[in-house]
Amino acid sequence: MDYSVKRVLTGTGIGISACMMAAAPAYAQNPFTSGAADRTEVQESGANALRRGNANGMPTPEFSNAVNNISVLGGDDQNIALQSNSLDRQFALPRVSRFATRFFQRSLKQRGTAVTGYGQVASLNDFLSQPNLVAQVGAPAESAVFEEPPYESQVRPAMGLWISGHGQYLDQDETDLGFGRYEADIYGGAVGHDWATGDNGYVGVAIGASDADVEFDENFDGTADDSTIQSLYASFYGGWTEGQASVNGSFVYARHEYDLQRNVFVGPGATGVAESEHDGDEFAADIELAYDLTGDAANWFAPFGGFEYSRLDQDAYSEDGVGGLSQSIEDRETNVLRSRLGIKAGQRWISGTGGVFSLWTSAAWSRDFNLDDREITGSFAGAPGTSITIVGPETERDGVQFNLGMSYGLEDSFVIGLEGIGEVRDDLETYGGQLVLRKVVY
């Protein structure tokens with residue numbers, strides 16, 4: 001029997017339909033077997049989803065014809081078709097949005113460390129305002145930089161307005177289960193204001209935004225699945241210092257808008273693009289404790305540890321563009337808990353021009369507790385009443401985080417800083433940079 005597949009235009013894009021040159025055989029006579037020997041678990045999940053939709057639901061003729069066409073494809077073509085009709089693409093975007101939120105949180109953390117003493121981004125007034133430093137350098141520092149004693153505002157760290165911008169690159173390898181490789185470029189910024197609370201504390205508020213472009217590996221037709229995430233953030237943060245110890249924390253609300261594209265393959269010359277849009281609400285918290293072993297603000301060597309938690313609630317959504325193979329995804333909650341334990345070190349120098357140059361680095365072991373069940377449930381438009389559940393890739397539990405940065409702060413508390421950060425796990429690498437501009441208002 002002979003089958004052909006053609007592309008047709010729908011109201012929302014390219015859809016897929018099949019024309020039978022002869023009567024289609026029952027699906028049970030054409031199981032997905034040609035590529036089974038080297039099939040990944042993700043491709044097998046695509047086979048199971050299509051099989052269930054066609055056998056157990058009330059499939060439309062369009063859906064059944066597409067499934068039958070896939071069932072008679074050759075090994076490589078069949079595996080590609082099964083991969084494109086699995087739910088693996090749905091796991092990538094939430095993970096990318098979580099990294100975007102973490103980068104926003106880093107802006108808050110960087111401001112916090114400047115306030116509580118291990119200041120990665122510090123102005124001269126921040127530098128001289130710390131009691132242990134003023135006690136050590138005393139008059140020599142004053143005479144070298146000022147013609148009069150330190151200002152009253154220097155008795156504690158300066159508070160005020162700050163702004164930062166950042167960019168990040170993420171590379172997720174293909175997993176052992178067959179979840180596809182993808183890359184993401186994330187750009188964003190934040191602006192905030194903080195205030196002193198008592199002698200040792202501070203609180204602040206900040207808002208921000210980011211944009212992420214996600215590109216999946218090349219598919220069967222030489223094109224990539226390109227998707228975007230646009231995010232808005234609102235947060236409050238604060239900290240406390242007591243002697244050589246400090247604690248900094250933040251709470252963030254993020255609103256994500258996901259725009260997902262998924263290439264769909266039914267056979268040579270029969271491709272389409274499924275498109276969907278949905279929203280997600282994320283609540284994230286971070287806390288970090290540190291203790292400076294030097295007791296000297298000009299140099300610091302501080303062990304630190306912390307936790308971060310995130311809960312992401314995604315709305316249900318449905319794809320358009322590929323007819324019966326369009327997927328509908330149920331709403332989903334994702335939980336992430338990570339710990340980190342490491343060392344941060346740095347040094348500051350007072351320049352003869354009335355500023356402070358800072359250089360710092362840190363490294364930490366990161367542990368992911370894998371709280372999430374990693375399940376996504378959906379169905380095909382052409383097989384209503386039949387749900388499909390797939391378990392996503394498990395995050396590698398252990399990883400390494402590191403950073404290296406420098407900044408220059410002027411006497412009037414204007415600061416420019418540049419920081420590079422990275423994280424490496426078994427199947428994931430992410431690198432980024434952050435540019436910080438801060439003008440403190442006393």
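Only protein atoms count toward the accessible area here, which uses a 1.4 Å probe; on segment 281-368, the carbon and sulfur part of that area reaches 62 percent. With a Förster radius of 45 Å applied to the beta-carbon distance between Asp279 and Leu404, the computed FRET efficiency rounds to 0.80. Max-minus-min Cα coordinates of segment 237-393 on each principal axis give 70, 34, 25 Å, with the largest extent listed first. Model label sites at Ser328 and Asp426, defined 7 Å from Cα along the beta-carbon direction, differ in position by 3.8 nm. What the Cβ-Cβ distance of Asn335 and Ser387 gives, at R0 = 25 Å and to the nearest 0.05, is a FRET efficiency of 0.70.
Site pair Leu289 and Val205 shows an inter-label distance of 3.0 nm when each label is modelled 7 Å from Cα along Cα→Cβ. Net charge near Ile229: determine it from the other residues with C-beta under 9 Å of the C-beta of Ile229, scoring Lys and Arg +1 and Asp and Glu -1. Cβ neighbours under 9 Å give a net charge of -4. Modelling each spin label as a point 7 Å along the Cα-to-Cβ direction, I'd like the Glu183/Ala196 distance in nm, to one decimal. Distance between the two pseudo-spin positions: 4.8 nm.
If you plug the beta carbon distance of Trp349 and Asp38 into 1/(1 + (r/R0)^6) with R0 = 41 Å, you get a FRET efficiency near 0.10.
Average accessible surface for segment 208-331: 39 Å² per residue, computed with a 1.4 Å probe over protein heavy atoms with every protein chain in place. Test of understanding: extend the Cα→C-beta vector of Glu394 to 7 Å, then name every residue of segment 75-114 with backbone N under 16 Å from that spot. No residue qualifies, since no backbone N sits under 16 Å from the label point.
The values are calculated or read from the model by the stated rules, or taken from the named source; none is laboratory data. For clarity, every value in this text was computed on a predicted model and none was experimentally measured. Ideal geometry is used to build each Cβ from the backbone, glycine not excepted, and the neighbour counts take in all protein chains shown. Note: areas computed on protein heavy atoms with side chains; ligands, DNA, RNA excluded. Shrake-Rupley method; radii C 1.70, N 1.55, O 1.52, S 1.80 Å.
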